[in-house]
Each structure stands twice: as structure tokens, then as C-alpha cells.
């Protein structure tokens with residue numbers, strides 16, 4: 001490569017970095033605006049047979065109900081755009097608040113709440129399994145439920161987005177919340193919680209996908225890679241995972257994949 005070619009390549013790289021930084025700043029602003037919606041607001045819960053019905057103005061509903069789980073220092077409102085994107089693509093979607101205001105509590109407790117909510121959904125609707133999409137720490141909530149609290153019998157597919165399965169040092173920024181909840185300590189690399197989670201293998205037939213954001217400094221893409229789990233990298237930041245419509249397209253494609261086969265039989269939905 002000549003000097004001129006090298007300069008052009010460097011200029012192109014700087015332009016891409018600048019463009020990505022501007023886009024990520026915009027995504028963060030949109031994300032924060034959604035987060036400030038808080039945990040209030042009624043959302044329709046699935047009824048019996050809802051997963052087979054078409055959503056008005058969207059595509060036919062596909063697969064089991066989808067449970068969205070928000071992350072650390074976030075609210076149910078932070079999921080609003082992703083929820084809207086998935087509903088418009090025909091999915092039955094629900095979410096629940098984790099914490100009175102922001103999600104700061106023990107990940108184990110959040111997973112226990114999700115376990116109870118899933119049992120309630122199954123009792124009310126007659127579906128046998130749900131799909132879970134967890135953003136950031138929400139992915140760890142879903143993974144703990146899948147591995148430790150019987151979720152292997154209830155979860156068809158778990159999609160983790162920007163989830164620091166290996167831990168993240170950015171959690172040090174949240175240590176001031178430690179007196180209010182354990183989550184910031186649990187997110188640190190090598191924490192007792194992450195060691196406990198790693199010691200428990202994925203259940204046979206568990207279908208887990210991790211989506212990492214290439215411009216994510218809160219959960220660097222390397223921290224989202226987990227052995228035995230499919231991994232997808234996307235060119236966005238931590239907030240962009242919940243904001244960008246292209247990410248919703250990827251999530252929809254994953255949710256529409258056939259159910260995994262276990263012991264020669266395809267899982268029922």
C-alpha cells in the first residue's frame with residue numbers, strides 16, 4: 001500500500017469512527033428518553049392462543065410469547081422501542097419491572113421473579129414455552145433462570161444483547177449503588193456470582209444466542225462471548241442494541257428460527 005492509499009484508508013477509518021460516535025450519541029439520547037418512561041404504563045399481556053394470532057397492522061405472530069428483560073440501572077421503559085419493533089413484526093411481547101425504580105438488585109432475585117412470571121404466563125395462556133430477550137444484565141437474569149431455576153423446561157430460546165457474560169470492569173462505575181443492591185458487584189469479572197453461573201453447564205438442547213456490539217464500552221464485545229453459545233457481532237453501541245431497527249430485524253430472525261431439536265424431537269411451542 002502506497003503512502004496515498006494509506007492516508008485514504010486512515011481518513012476512511014477516522015470518518016467511520018466519527019460517524020459511529022455520532023450515531024452512538026444519538027442512540028444514547030434516545031435510550032435515556034425511553035428509560036425515563038420508568039416502570040409504569042400498562043402493556044397487553046398474552047391471552048390463550050395469542051401466539052397464533054396476527055397482530056393488527058403487522059406480520060403474523062410467530063413462535064411463543066417473547067419476554068423482554070431490561071438491564072442494570074434501567075427501567076421497563078428502556079425496552080419500549082424494542083418492544084414496539086417486535087410487536088410490529090408480529091410477536092406477542094411482555095416485560096416486567098425489576099426493582100422499584102431502577103434495577104440494582106441481586107440478579108438471582110430478578111431471575112426468581114422472572115421464573116414466577118413465566119409460570120403465571122404458562123398457567124394463563126396454555127403455551128408451554130417462552131422466548132426471552134435480555135439486554136445487558138437482563139441477559140444474565142435470563143441465563144441464571146435457564147441454568148439454575150428450571151428455565152430449561154420453559155425457555156425455547158434465549159437471546160442476550162450486550163450481556164457481559166464474562167463480567168465487565170465498567171461495573172466499577174456503579175459501585176456507589178452497592179449499598180442499595182448487589183448487581184454492580186455481581187457484574188465484575190470473576191465475581192462469585194459469575195463463577196457460580198459458569199460452573200453450571202448449559203442444559204442439553206438450550207438454544208442461546210449472544211449479540212455483542214462492536215462499539216460497546218460498557219459490555220465490550222469480547223465480554224459477551226460465551227462457550228457453547230452462538231455469537232453475533234453488530235456495528236453499534238450498548239444503547240443501539242435497543243434502539244436500532246436493524247438489531248430488531250436480527251432478533252426477529254432469531255426468534256423465527258425453528259425450535260431446537262432435543263433427543264430427536266423438536267421442542268413444542
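The values are calculated or read from the model by the stated rules, or taken from the named source; none is laboratory data. Treat the numbers as computed from the prediction; the structure is a model and nothing was measured. Cβ sites come from the backbone with ideal geometry, for glycine too, and all protein chains shown count toward neighbours.
Worth a mention:
- Among residues of region 186-217, those that are closer than 27 Å to residue 152 by Cβ, surrounded by fewer than 19 Cβ atoms within 10 Å (Cβ to Cβ) and either touching a helix residue (DSSP H, G or I) at 6+ places or on another chain (Cβ under 9 Å) or at pLDDT below 95 (or both), counted: 10
- Here residue 258 passes the criteria (1) under 24 Å from residue 24 (Cα atoms); (2) in a loop (DSSP other than H, G, I, E, B); (3) without any contact (Cβ under 8 Å) to a residue 24 or more places away in the chain except the one numbered (1).
- Test set (1) more than 30 Å from residue 88 (Cβ to Cβ); (2) assigned to a loop (DSSP other than H, G, I, E, B); (3) in contact (Cβ under 8 Å) with a residue 24 or more places away in the chain; (4) over 17 Å from the mean Cα position of the chain (by Cα) - residue 227 fails condition number: (3)
- Subset of region 187-211 [in contact with a strand residue (DSSP E or B) (Cβ under 8 Å, 6 or more places away or on another chain) and outside any loop (DSSP other than H, G, I, E, B)]: 208, 209, 210, 211
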